[in-house]
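Everything on this sheet refers to the single structure shown next.
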Amino acid sequence: MDYLYHYDSPLGGITLSSDGSALTGLWFDGQKYFGSTLSKNSGCQIPSNSSLPVFEQACRWLTEYFSGKNPGFTPPLSVKTTPFRRAVWEILLAVPYGQTMTYGEIAAKIAGQKGLASMSAQAVGGAVGHNPISLIIPCHRIVGTDGSLTGYAAGLNKKEKLLAMEQGLIKDLSDFGRKEGEEH
């Protein structure tokens, strides 16, 4: 059974999923690969007034994060994936708040772990793009070799705002809660 929870962020709605004890998904509503980890053959349940503890932890994390602070903890996570994607996502979890890493740097780390001379940055990009737990597994911190903002399943506009907030260029994202195209 998948449990779902909705969180209203300054950048739009976020859907969280859980297996009952750990977070299994976190997507901006409508983003690419939305709901990719949800069970195909089982129903979904939205918790009633008494939320799951993992959703309470994830909401606390998101509230701290969107206020411009490093939450300093990670809610319990559970992802069923390939060993390659798991290795990439573990590297993402190690990218510090406010910093970035390139696809090529991740590829070099994975190659080193596997004892290979090189690894495809495109393969890394595929794994980064299919990250089912956005923000907490910080795929938005991954940039192109030249520092350019390339690829983000929730959209480059969101990626730009998230990085600006983390780097202290904006205090928090409360001013960005408006829909795309609205005047600020």
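The set of residues from segment 109-149 being farther than 17 Å from T82 by Cβ, open to solvent by 50 Å² or more (accessible area, probe 1.4 Å) and outside any helix (DSSP H, G or I) comprises G115, A117, S118, T145, D146, L149. Cβ-Cβ contacts under 6 Å between residues 6 or more apart (or on different chains), taken from a first residue in segment 138-152 that is touching a residue at least 60 places away in the same chain (Cβ under 8 Å) to a second residue that is assigned to a loop (DSSP other than H, G, I, E, B) and open to solvent by 50 Å² or more (accessible area, probe 1.4 Å), are absent. Residue check: A94 meets all listed conditions (1) touching a Phe, Trp or Tyr at 6+ places or on another chain (Cβ under 8 Å); (2) among the hydrophobic types (A, V, I, L, M, F, W, C); (3) exposed (fewer than 13 other Cβ atoms within 10 Å of the Cβ); (4) at pLDDT 95 or above but one, namely (1). A count restricted to segment 50-74 and to residues that are crowded, with 16+ Cβ neighbours inside 10 Å and within 19 Å of E166 (Cα to Cα) stands at 7. K80 fulfils the conditions (1) closer than 24 Å to E166 by Cα; (2) open to solvent by 60 Å² or more (accessible area, probe 1.4 Å) except for a single criterion, (1). One residue stands out in segment 23-53 among those that are modelled with pLDDT of 70 or more and among the aliphatic types (A, V, I, L, M): the one that is farthest from the chain's Cα centre (by Cα), namely L52.
The values are calculated or read from the model by the stated rules, or taken from the named source; none is laboratory data. This one's a predicted model, so the numbers in the text were calculated from it and none came from an experiment. When we count neighbours, we look across all protein chains shown, and the Cβ atoms used for this are built from the backbone with ideal geometry, even at glycine. These area figures cover heavy atoms from the full protein model, side chains too; ligands, DNA and RNA do not enter into them. Shrake-Rupley method; radii C 1.70, N 1.55, O 1.52, S 1.80 Å.
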